[in-house]
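Participant: Have a look at this one.
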Amino acid sequence: MQVSFSPADIQAITLPKRVLGATTEMVRGIAALGPAEPGELAFLGSAKYRVEVPATRASVVLLPLDYEGEPQPNQLFLLVDNPSAALARLCVRIEQMLWPKPAPGIHPTASVAPGASVAASATIGPLCVVETGAEIGERSHLQAQVFVGRGAAVGEDCWLMPGSTVAAECVLRDRVRLQPGVIIGSDGFGYEFVAGRHEKIPQVGVVLIENDVEIGANSTVDRARFSRTVVGEGTKIDNLVQVGHNVVIGRHCILCAQVGISGSTTVGDYAVLGGQVGVAGHLTIGKGAKAGGQAGIIGNVPPGAFINGTPAIPYMLERRVAVLQQRLPDLFKRFDALEAQIKKSSS
Amino acid sequence: MQVSFSPADIQAITLPKRVLGATTEMVRGIAALGPAEPGELAFLGSAKYRVEVPATRASVVLLPLDYEGEPQPNQLFLLVDNPSAALARLCVRIEQMLWPKPAPGIHPTASVAPGASVAASATIGPLCVVETGAEIGERSHLQAQVFVGRGAAVGEDCWLMPGSTVAAECVLRDRVRLQPGVIIGSDGFGYEFVAGRHEKIPQVGVVLIENDVEIGANSTVDRARFSRTVVGEGTKIDNLVQVGHNVVIGRHCILCAQVGISGSTTVGDYAVLGGQVGVAGHLTIGKGAKAGGQAGIIGNVPPGAFINGTPAIPYMLERRVAVLQQRLPDLFKRFDALEAQIKKSSS
Amino acid sequence: MQVSFSPADIQAITLPKRVLGATTEMVRGIAALGPAEPGELAFLGSAKYRVEVPATRASVVLLPLDYEGEPQPNQLFLLVDNPSAALARLCVRIEQMLWPKPAPGIHPTASVAPGASVAASATIGPLCVVETGAEIGERSHLQAQVFVGRGAAVGEDCWLMPGSTVAAECVLRDRVRLQPGVIIGSDGFGYEFVAGRHEKIPQVGVVLIENDVEIGANSTVDRARFSRTVVGEGTKIDNLVQVGHNVVIGRHCILCAQVGISGSTTVGDYAVLGGQVGVAGHLTIGKGAKAGGQAGIIGNVPPGAFINGTPAIPYMLERRVAVLQQRLPDLFKRFDALEAQIKKSSS
């Protein structure tokens, strides 16, 4: 990051309630309290790191209002309502410097078919393909080597990163962000077993990605057999996640990396699936349900439930079972001894 | 889907044995019985949804010959030998409308090396790369941004979707379908540990994909160390699957999403691996074996076996163990009580 | 592989200590002892295959110095210090024939922005994108359809295979090899839950890939929230692996296929994670620690530990628990019987 902020710049962005100390350093990076060096800004986002503040070498430190220590020489403490939020505002500023809004227009190396519709304020980057009948909305940005298929629709203010794909007839609403390599609209995985062979069941439905969804690098969302696969408004999906055909994911869900959801399953609003969770097909995950990492879900999950393990069971039970499993060698030994004792005493 | 069929069109495609009722609606979509609306076609593919037929609002319903109910006003019932098969025929027709066969030829933005051989009836879409010595067979379609490396061979009637890669010297036989982002021929993962460093073992074998294989989005198949990695005829692979070097997968297998198969393992014909299954290296999975989702296979699997769990054991045993595990807290409690009682009575 | 070596060529490359027999065949391929055919070279890399040597039909066999058998007619035995190493030298030769070093220069279809810096000896292949401020070092090779973003840096002697992506400001040091479809620098997965919605936390850090790292097909490495995500020197990563934001991976580690590492976790030098291992966030994996396939790591791991299972526990304990779990049905039966007997005798 080739960024540089003066202490005054930082104050103008973070709006501290109290200011302690001062520094002559320019801020050229952000780091955690421990590894931070002079010229970097650090912050106290969680009480558990409070002990690291007195020793940090950061030139500027964002702290909560109730922090009581004093800065070292040539160090600036900024006490703010919410250090994480203040840092986020700073990062937004850095983001704008690093990835400035591209100029509208179609790069000369892009291949935009006649019959595609690209808004005047949209940006089609180098070596993108936009096929006939596709629509790209206002201010949307196809960064580079993006593919938007025949009849697909990309809404307004979307950002499709390098190598992402939106296959034919699929729809992204507004402010959707696809990380690099995302595939929207691959065929659902459906075959009928006929005469010793798997015959393909045509997959002629689509994918609908609602407003404000973000999808992580190299994740895949299959098109429906018919009708549509849906990812609801505000849902965030991490990298390498698989969403099967006809899945319907609700609003504001969190799917961590490498989750897999089999066909026709419904996931309720605000559900959270940990990394590598697998969900069988044709299930219903209730609103606000949570599953721990690597859980294997093979039955419906009630709203608000917190589950874990394979097969997934209530979290507290699973934690207890996991502990007791480690005591199985001991239990078997004790049982063998007890059984022998009984046998002996009753003989 | 901007499709539209008259009731007469639908009958011409689905060839009903009996017709009940009539509708004036055009069919503009397909949906499940429950959510279907007027203007949509629904079908009864599984007896468990039979109760939903009387209330469906679909304008046209495909039903099995033994269905006994009557349609509502402005509703058409078509009784056919196999509703799923009839629907499939309709979907094939939709598929042809949505993705018409592209015209043969090489898009002006594609990069086809001198010394590559492209059949006259093949289609090389925008921004594809075909390197020297590569061969593309009759009627095959490289859709867009596809890479076919030096000396690789793509057979007849293949469809390589956007961003798929066939690396140097790898071979696809006929009617192979690669979903977007598939990688065929990445290097196998092999190193020798020499003097504190992992030295790369050259991976100079190839990948052979037999006839009628389909591979899901962003899946990866590694080239062999030497000789070849093979995916057998008619096998179907879902999204985000990893096939290691020198793996040999038989004919007509099913590998669900996110399966990983380590190097040099052999998978027999008609095997079925559920989602997220992991298979260790140098194993033999027998013909027709089945593994449940997330199973972890660390030993050879006999033909026809059905296994589950990590480490994978026979399915029925695993199901029973899974139930008993949940009773471990109770068992420990009962055991502690019994042990105390014995101790007391014997003291 | 269209390769062909005379027996004399093979001897010149493998430098045998002893030579037995002779063959008139040219070597046109490499195969395992069992399936090898005349015209192929086989080798004995592991003592367990020693019994297969007498029956192999390979024309040339690489054997350890202590091998005592005799070749068949028209068969050449080459006894070498280390058959695997000798084979590796042969494979390096094949590699050079199959993938000759490309000529330096920028392909006319590539899109290299003004303000990007490409070394004179580097090769930018067809349909690559190099954005402004990016630097490509001496002898590095962007094969085809590669993306290198604004301000990113690729060191010397790197090989970026088709469709790989290095996002803005990320850094590859020297001799880094990215297999096809790798994504370096996708956004970290970070949101704050505000007023019922997940607000994106800007991810403005970078990724640093140190010398001699290799990353497998379609793997993803997220950029840091701030500061950087690091993959240490000599570490090898297999296909479809996810490395979260702010993760720091040490030197000479092995991450097998489909591993997932959550944000801010540190992995020590020489650690080995088996296929599909999942690691929770903010953990420390000690130097030289090993985890078996599918392990789920939810706590810190001491240096040198060998762990297995979900949740991961010491390997030997996990193996024992796994065996005892299968005896749970028997244990419950025995316990029920014992309990009944006690009850009866004490009543």
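Participant: Residues being in contact (Cβ under 8 Å) with a residue 60 or more places away in the chain and surrounded by fewer than 24 Cβ atoms within 10 Å (Cβ to Cβ): count how many of those fall in the range A:183-222.
Facilitator: Of the range A:183-222, the ones in contact (Cβ under 8 Å) with a residue 60 or more places away in the chain are A:188-190.
In the following step, the residues that additionally are surrounded by fewer than 24 Cβ atoms within 10 Å (Cβ to Cβ) were identified as A:190.
Adding up the residues that qualify gives 1.
Participant: Kindly indicate the residue of the range A:310-325 that is β-branched (Val, Ile, Thr) and in a helix (DSSP H, G or I) and also surrounded by the most Cβ atoms within 10 Å (Cβ to Cβ) among those meeting that condition. First the steps, then the outcome.
Facilitator: Of the range A:310-325, the ones β-branched (Val, Ile, Thr) are A:310, A:313, A:321, A:323.
Going one step further and asking which of them are in a helix (DSSP H, G or I), we end up with A:321, A:323.
Details: A:321: 17, A:323: 13.
Across the range A:310-325, the extreme among qualifying residues is A:321.
Participant: Out of the range A:57-105, which residues are basic (Lys, Arg) and farther than 14 Å from residue A:5 by Cα? Walk me through how you get there before you give the answer.
Facilitator: Step one: list which residues in the range A:57-105 are basic (Lys, Arg), which gives A:57, A:89, A:93, A:101.
Those that are basic (Lys, Arg) and farther than 14 Å from residue A:5 by Cα: A:57, A:101.
Participant: Yes or no: residue B:331 within 23 Å of residue C:326 (Cβ to Cβ) and either modelled with pLDDT of 95 or more or within 7 Å of another protein chain (Cβ to nearest Cβ) (or both)? Spell out the reasoning first.
Facilitator: Working: within 23 Å of residue C:326 (Cβ to Cβ): yes; either modelled with pLDDT of 95 or more or within 7 Å of another protein chain (Cβ to nearest Cβ) (or both): yes.
Yes.
Participant: Further question: Taking residue B:232, is it of a type outside the set (A, V, I, L, M) and closer than 21 Å to residue A:200 by Cβ? Walk me through it before giving the result.
Facilitator: Values: of a type outside the set (A, V, I, L, M): yes; closer than 21 Å to residue A:200 by Cβ: yes.
Spelling it out, residue B:232 is indeed of a type outside the set (A, V, I, L, M) and closer than 21 Å to residue A:200 by Cβ.
Participant: Right, another one. Evaluate the following for residue B:289: is it assigned by TED's automatic domain parsing to the domain that holds residue B:167, modelled with pLDDT of 95 or more and under 25 Å from residue B:186 (Cβ atoms)? Give the derivation first.
Facilitator: On the way: assigned by TED's automatic domain parsing to the domain that holds residue B:167: yes; modelled with pLDDT of 95 or more: yes; under 25 Å from residue B:186 (Cβ atoms): no.
So residue B:289 fails the test.
Participant: Taking the range B:256-281 as the region of interest, how many residues are small (Gly, Ala, Ser), crowded, with 24+ Cβ neighbours inside 10 Å and more than 23 Å from residue A:295 (Cβ to Cβ)?
Facilitator: 2
Participant: Could you check, for the range A:246-257, whether at least one of its residues is part of a loop (DSSP other than H, G, I, E, B), without any contact (Cβ under 8 Å) to a residue 60 or more places away in the chain and within 21 Å of residue A:131 (Cα to Cα)? Steps first, please.
Facilitator: We begin by selecting, within the range A:246-257, every residue part of a loop (DSSP other than H, G, I, E, B); these are A:246-247, A:250-253, A:256-257.
Within this subset, residues satisfying the condition of being without any contact (Cβ under 8 Å) to a residue 60 or more places away in the chain are A:246-247, A:250-253, A:256-257.
Add one more test, that the residue is within 21 Å of residue A:131 (Cα to Cα), and what stays is none.
No, the conditions are met nowhere in the range A:246-257.
Participant: Give the residue that is farthest from the other protein chains (Cβ to nearest Cβ), with candidates limited to residues of the range A:241-255 that are more than 10 Å from the chain's Cα centre (by Cα) and buried (at least 24 other Cβ atoms within 10 Å of the Cβ). Walk me through it before giving the result.
Facilitator: So the first thing to find is which residues in the range A:241-255 are more than 10 Å from the chain's Cα centre (by Cα), and the list is A:242-252.
Now narrow it down to the ones that are buried (at least 24 other Cβ atoms within 10 Å of the Cβ): A:242-247, A:249.
On the way: A:242: 4, A:243: 9, A:244: 7, A:245: 10, A:246: 9, A:247: 11, A:249: 13 Å.
The residue in question is A:249.
Participant: Here is a list of conditions, (1) part of a loop (DSSP other than H, G, I, E, B); (2) within 30 Å of residue C:162 (Cβ to Cβ), and residue B:95 meets all of them except one; can you say which number that is?
Facilitator: All conditions are met except number (1).
Participant: Can you give me the number of residues within the range C:120-133 that are free of Cβ contacts under 8 Å to residues at least 24 places away in the same chain and more than 14 Å from chain B (Cβ to nearest Cβ)?
Facilitator: Adding up the residues that qualify gives 6.
Participant: Oh, and also: Would you mention how many residues in the range B:227-260 are of a type outside the set (Gly, Ala, Ser) and modelled with pLDDT under 95?
Facilitator: Let us first name the residues in the range B:227-260 that are of a type outside the set (Gly, Ala, Ser), namely B:228-231, B:233, B:235-243, B:245-249, B:251-256, B:258-259.
With modelled with pLDDT under 95 added as a condition, the list becomes B:228.
Selection size over the range B:227-260: 1.
Participant: Mind checking which residues of the range B:98-122 are outside any loop (DSSP other than H, G, I, E, B) and modelled with pLDDT under 95? Explain how you work it out, then say what you get.
Facilitator: Of the range B:98-122, the ones outside any loop (DSSP other than H, G, I, E, B) are B:98, B:105-106, B:111-112, B:117-118.
Listed by number, the list holds a single entry, B:98.
Participant: On to the next question. If you go through the range C:145-176 one residue at a time, how many are assigned to a strand (DSSP E or B) and either within 13 Å of chain A (Cβ to nearest Cβ) or in contact with a Cys (Cβ under 6 Å, 6 or more places away or on another chain) (or both)? Break it down stepwise before answering.
Facilitator: Here is the first cut: in the range C:145-176, the ones assigned to a strand (DSSP E or B) are C:147-148, C:153-154, C:159-160, C:165-166, C:171-172.
Checking the rest, the ones that are also either within 13 Å of chain A (Cβ to nearest Cβ) or in contact with a Cys (Cβ under 6 Å, 6 or more places away or on another chain) (or both) come to C:147-148, C:153, C:160, C:165-166, C:171-172.
Summing the residues that are assigned to a strand (DSSP E or B) and either within 13 Å of chain A (Cβ to nearest Cβ) or in contact with a Cys (Cβ under 6 Å, 6 or more places away or on another chain) (or both) in the range C:145-176 gives 8.
Participant: Something else about it: Among the listed residues A:50, A:18, which satisfies the condition of being within 21 Å of residue C:227 (Cβ to Cβ) and surrounded by fewer than 19 Cβ atoms within 10 Å (Cβ to Cβ)? Break it down into steps so the answer makes sense when it comes.
Facilitator: Numbers: A:18 fails: within 21 Å of residue C:227 (Cβ to Cβ).
The match here is A:50.
Participant: Are there strands (runs of 3 or more DSSP E) fully within the range B:1-90 with at least 3 residues that are in contact with a Leu (Cβ under 6 Å, 6 or more places away or on another chain)? List them. Full working, then the answer.
Facilitator: Working: elements: B:18-22, B:40-43, B:60-64, B:75-80.
The strands (runs of 3 or more DSSP E) meeting that bar are B:18-22, B:60-64, B:75-80.
Participant: Within the range A:199-231, can you find the residues that are of a type in the set (D, E, K, R), within 14 Å of chain C (Cβ to nearest Cβ) and touching a strand residue (DSSP E or B) at 6+ places or on another chain (Cβ under 7 Å)?
Facilitator: From the range A:199-231, those of a type in the set (D, E, K, R) are A:199-200, A:210, A:212, A:214, A:222-223, A:225, A:228; that's our starting set.
Now drop any that are not within 14 Å of chain C (Cβ to nearest Cβ), which leaves A:210, A:212, A:214.
The answer is A:210, A:214.
Participant: Can you tell me which residue among C:34, C:115, C:69, C:39 is on the phi > 0 side of the Ramachandran plot and either surrounded by 21 or more Cβ atoms within 10 Å (Cβ to Cβ) or not assigned by TED's automatic domain parsing to the domain that holds residue C:136 (or both)? Break it down stepwise before answering.
Facilitator: Numbers: C:34 fails: on the phi > 0 side of the Ramachandran plot; C:115 fails: either surrounded by 21 or more Cβ atoms within 10 Å (Cβ to Cβ) or not assigned by TED's automatic domain parsing to the domain that holds residue C:136 (or both); C:69 fails: on the phi > 0 side of the Ramachandran plot.
Result of the check over C:34, C:115, C:69, C:39: C:39.
Participant: Can I ask one more? All but one of (1) more than 25 Å from residue B:259 (Cα to Cα); (2) touching a Phe, Trp or Tyr at 6+ places or on another chain (Cβ under 6 Å) hold for residue A:342, so report the exception by its number.
Facilitator: If we test residue A:342 against (1) more than 25 Å from residue B:259 (Cα to Cα); (2) touching a Phe, Trp or Tyr at 6+ places or on another chain (Cβ under 6 Å), just (2) comes out false.
Participant: Oh, and also: Looking only at the range B:123-132, decide whether some residue is more than 23 Å from residue A:145 (Cα to Cα) and at pLDDT 95 or above.
Facilitator: Here is the first cut: in the range B:123-132, the ones more than 23 Å from residue A:145 (Cα to Cα) are none.
Scanning the range B:123-132, I find no residue that is more than 23 Å from residue A:145 (Cα to Cα) and at pLDDT 95 or above, so the answer is no.
Participant: I'm trying to understand the selection: among the residues of the range B:212-237, which are assigned to a loop (DSSP other than H, G, I, E, B), hydrophobic (A, V, I, L, M, F, W, C) and under 26 Å from residue C:94 (Cβ atoms)? Outline the logic, then answer.
Facilitator: Taking the range B:212-237 as the starting set, the residues that turn out to be assigned to a loop (DSSP other than H, G, I, E, B) are B:212-213, B:216-219, B:223-227, B:232-235.
Filter once more, keeping what is hydrophobic (A, V, I, L, M, F, W, C): B:213, B:217, B:224, B:226.
Residues satisfying the conditions are B:224, B:226.
Participant: I need the full set of residues from the range C:261-319 which are over 21 Å from residue A:259 (Cα atoms), more than 13 Å from chain B (Cβ to nearest Cβ) and aliphatic (A, V, I, L, M), in order please.
Facilitator: C:267, C:285, C:289, C:301, C:305, C:307, C:313, C:316, C:317
Participant: So, one more: Residues of the range B:154-182 being surrounded by fewer than 24 Cβ atoms within 10 Å (Cβ to Cβ) and within 16 Å of the chain's Cα centre (by Cα), which ones?
Facilitator: First, the residues of the range B:154-182 that are surrounded by fewer than 24 Cβ atoms within 10 Å (Cβ to Cβ): B:155-157, B:159, B:168-169, B:171, B:173-175, B:177.
Once the filter is applied, which keeps residues that are surrounded by fewer than 24 Cβ atoms within 10 Å (Cβ to Cβ) and within 16 Å of the chain's Cα centre (by Cα), the range B:154-182 yields B:159, B:175, B:177.
Participant: Within the range B:277-285, is even one residue outside the structural domain of residue B:212 (by TED's automatic domain parsing) and of a type in the set (A, V, I, L, M, F, W, C)? If you could, list the steps in order and put the result at the bottom.
Facilitator: Narrowing the range B:277-285 to residues outside the structural domain of residue B:212 (by TED's automatic domain parsing): none.
Checked against the condition, which is being outside the structural domain of residue B:212 (by TED's automatic domain parsing) and of a type in the set (A, V, I, L, M, F, W, C), the range B:277-285 yields no hits at all.
Participant: Turning to a different aspect of this structure: If residue B:70 satisfies every condition in (1) more than 21 Å from residue A:191 (Cα to Cα); (2) in contact with a Ser or Thr (Cβ under 9 Å, 6 or more places away or on another chain) but one, which is the exception?
Facilitator: (2)
Participant: Kindly check whether there is at least one residue in the range A:335-343 that is under 23 Å from residue A:214 (Cβ atoms) and within 13 Å of chain B (Cβ to nearest Cβ). Lay out the reasoning, then the answer.
Facilitator: Within the range A:335-343, the first condition is being under 23 Å from residue A:214 (Cβ atoms), and the residues that meet it are none.
Within the range A:335-343, not a single residue is under 23 Å from residue A:214 (Cβ atoms) and within 13 Å of chain B (Cβ to nearest Cβ).
Participant: Considering only the range C:120-153, how many residues are farther than 19 Å from residue A:181 by Cα and either surrounded by fewer than 24 Cβ atoms within 10 Å (Cβ to Cβ) or not hydroxyl-bearing (Ser, Thr, Tyr) (or both)? Working first, answer last.
Facilitator: Taking the range C:120-153 and keeping what is farther than 19 Å from residue A:181 by Cα, we get C:120-125, C:132-141, C:151, C:153.
Okay, now just the ones that are also either surrounded by fewer than 24 Cβ atoms within 10 Å (Cβ to Cβ) or not hydroxyl-bearing (Ser, Thr, Tyr) (or both), so C:120-125, C:132-139, C:141, C:151, C:153.
Within the range C:120-153, residues that are farther than 19 Å from residue A:181 by Cα and either surrounded by fewer than 24 Cβ atoms within 10 Å (Cβ to Cβ) or not hydroxyl-bearing (Ser, Thr, Tyr) (or both) number 17.
Participant: OK, next. Can you confirm whether residue C:63 is away from chain B (no Cβ under 12 Å), touching a residue at least 60 places away in the same chain (Cβ under 8 Å) and either under 26 Å from residue B:200 (Cβ atoms) or surrounded by 23 or more Cβ atoms within 10 Å (Cβ to Cβ) (or both)? Talk me through it step by step, then tell me what you get.
Facilitator: Values: away from chain B (no Cβ under 12 Å): yes; touching a residue at least 60 places away in the same chain (Cβ under 8 Å): no; either under 26 Å from residue B:200 (Cβ atoms) or surrounded by 23 or more Cβ atoms within 10 Å (Cβ to Cβ) (or both): yes.
Judged against the criteria, residue C:63 is not a match.
Participant: While we're on this one: I'd like to verify a number: residues in the range A:177-198 that are modelled with pLDDT under 95, more than 8 Å from every other protein chain (Cβ to nearest Cβ) and in a strand (DSSP E or B), how many?
Facilitator: Selection size over the range A:177-198: 2.
The values are calculated or read from the model by the stated rules, or taken from the named source; none is laboratory data. Everything numeric here is computed off the predicted structure, so don't read it as measured data. Note that each Cβ is placed from the backbone with ideal geometry, even for glycine, and that neighbours are counted across all protein chains shown.
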